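Report on the structure given below.
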């Protein structure tokens, strides 16, 4: 009876991962447009002092179109942390120090991390 419960649990988890993966692969990536946050009312209520309207629009256009180095640094930091975590999990899986259950938990974490990386690549491609 215990084996059947484990099998049902494993199949449930596996089907959940499959459904979520298919959902993210089929669902088109929604592009974020930061300019839609600001409505015409909000822009009209904002007062800029010491700058003409033409200079204000030029500054806004330059800020929106310039790449965000802070975002790139944060993305690289998260990527490095994931890489280190993946390396640690791989070492733990290959190690003889851990029991089969602990290794299984590490394998599940490793697979989840792999799914995150695959989804990230799919989002970049689309």
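Every test in (1) farther than 30 Å from residue 125 by Cβ; (2) modelled with pLDDT under 85 is passed by residue 100 save one, and that test is (2).
Check whether at least one residue in region 7-20 is under 28 Å from the mean Cα position of the chain (by Cα) and either modelled with pLDDT under 75 or over 30 Å from residue 122 (Cβ atoms) (or both), and report yes or no. If you could, list the steps in order and put the result at the bottom.
Step one: filter region 7-20 for residues under 28 Å from the mean Cα position of the chain (by Cα), giving 9-20.
Narrowing further to those that are either modelled with pLDDT under 75 or over 30 Å from residue 122 (Cβ atoms) (or both): none.
Among the residues of region 7-20, not one is under 28 Å from the mean Cα position of the chain (by Cα) and either modelled with pLDDT under 75 or over 30 Å from residue 122 (Cβ atoms) (or both), which makes the answer no.
The values are calculated or read from the model by the stated rules, or taken from the named source; none is laboratory data. Every value quoted in this text rests on a predicted model; they were computed, and no experiment measured them. Cβ coordinates were reconstructed from backbone atoms using ideal geometry, including for glycine residues, and neighbour counts include every protein chain displayed.
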